[in-house]
Amino acid sequence: MSLVVVGSMAFDAIETPFGKSNRIVGGAATYIAWSASNFTRPIKQVSVVGGDFPKDELKLLEARGVNLEGVQVKENEKSFFWSGKYHLDMNTRDTLETQLNVLANFEPTVPNDYQDCDFLMLGNLNPHIQLSVIKQIEKRPKLVALDTMNFWMETALGDLEKTLTKIDVLIINDSEARQLSGQFSLVKAAKEILKMGPKYLVIKKGEHGALLFDANEVFFAPALPLEEVFDPTGAGDTFAGGFMGHIARTKDLSFNNMKRAIIVGSAMASFCVEKFGTTRLKEINAGDIESRIQLFKNLVSFDIELD
Ligand code: AMP
């Protein structure tokens, strides 16, 4: 049994109203692995980095139970680089620069040892790469989740639509759900998107929480009201890592358990934004996570008597 994670491992340069980081380690799969490894191990990573990616960062991940056999290291090339700038409203950001570098010609190879994959998390990447990984796993995993972004809707919609027919859970943000469905109402958007293949849809709304839909039900989880959001980069991936980590740990695919997975994902994302990059995710322990989940319980529980 394992959780296989696919996605970018990268350098990011981030500017927020609170400060600026030079090239720091990021990437969707990096955040997913740091988050999910709190709940399930081993995590089997599929990615690509250049010779410039710090070896000690790879060692830290290995020490967390992350198997890196599926991570190609291209010694003579550069790692994927992304830079972004947030404004005071931290729900929106501008991409300043994307250098695909090693990602430009990335052909993932899923090692034999990864064939025991029960849970597959396809982090934000070219949908053609996501599809290639699905095809290489011989036995259909119990649950396949996928994250994507507007960039792929604009440049690779055909491949994305094909990939959506092969997955169970789609995890996207509200503007992406609107763009993919052509509907402004998120309820209508969910109906349209569920016709495209996924059985479950998670719509993240930044500081306004997240929605979970299936064909019959809807669930809402808040985001923790924080005094300061220091750096939202990776919050979506950290959310996805917490969500899939919880599902892989409990092996329960019911809607009720997905509700819990949404809370776990939201709790993990609330840590991620407290410091730059993966810094906060490297500090926290099981006790911190448990207390944070308790805060979420307190935030939404109330007594009411209707006569
Ligand atoms: P999030 O804030 O959760 O949306 O994810 C931010 C992470 O996604 C950063 O660490 C980036 O390195 C990575 N990222 C940004 N754009 C892309 C892209 N086009 N493909 C893959 N990863 C990306």
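The values are calculated or read from the model by the stated rules, or taken from the named source; none is laboratory data. Bear in mind that the values here come from a model prediction, so they are computed numbers and not experimental data. No Cβ is skipped: glycine too gets one built from the backbone with ideal geometry, and neighbour counts run over all protein chains shown. Heads up: the accessible areas ignore ligands, DNA and RNA and are worked out on the full protein's heavy atoms, side chains in. Shrake-Rupley method; radii C 1.70, N 1.55, O 1.52, S 1.80 Å.
What the table below lists for this structure:
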quantity	calculated
Scope the range 138-149; condition part of a loop (DSSP other than H, G, I, E, B) and in contact with a helix residue (DSSP H, G or I) (Cβ under 7 Å, 6 or more places away or on another chain); matching residues	THR148, MET149
Residue within the range 255-275 that is open to solvent by 50 Å² or more (accessible area, probe 1.4 Å), within 16 Å of the ligand (Cβ to nearest atom), more than 14 Å from the chain's Cα centre (by Cα) and among the basic types (Lys, Arg) present	yes
Sole residue being at pLDDT 95 or above and open to solvent by 10 Å² or more (accessible area, probe 1.4 Å), chosen from LYS20, LYS55	LYS55
Residue among VAL133, VAL49, VAL110, VAL73 that is within 15 Å of VAL25 (Cβ to Cβ) and open to solvent by less than 30 Å² (accessible area, probe 1.4 Å)	VAL49
Residue tally, condition outside any helix (DSSP H, G or I) and among the charged types (D, E, K, R), over the range 260-302	2
Number of positions in the range 203-245 that are open to solvent by less than 10 Å² (accessible area, probe 1.4 Å) and away from the ligand (no atom under 16 Å from the Cβ)	2
Answer from ILE32, ILE43 - the residue that is within 16 Å of the ligand (Cβ to nearest atom), under 30 Å from ALA261 (Cα atoms) and at pLDDT 95 or above	ILE32
Extreme residue, nearest to PHE11 (Cα to Cα), among residues of the range 77-94 that are touching a residue at least 24 places away in the same chain (Cβ under 8 Å) and exposed (fewer than 14 other Cβ atoms within 10 Å of the Cβ)	HIS87
Condition check for LEU146: more than 23 Å from ILE293 (Cα to Cα), crowded, with 20+ Cβ neighbours inside 10 Å and within 15 Å of the ligand (Cβ to nearest atom)	yes
Search result, residues across the range 149-178 that are more than 14 Å from the ligand (Cβ to nearest atom), open to solvent by 30 Å² or more (accessible area, probe 1.4 Å) and under 21 Å from PHE239 (Cα atoms)	ARG178
Scan of the range 181-238 for residues that are assigned to a helix (DSSP H, G or I) and of a type in the set (Gly, Ala, Ser), ordered by number	SER181, ALA189, ALA190, GLY206, ALA235, GLY236
Residues that are in a strand (DSSP E or B) and either at positive phi or within 19 Å of the chain's Cα centre (by Cα) (or both), drawn from the range 50-85	VAL66, ASN67, LEU68, GLY70, VAL71, PHE80, PHE81, TRP82, SER83, GLY84
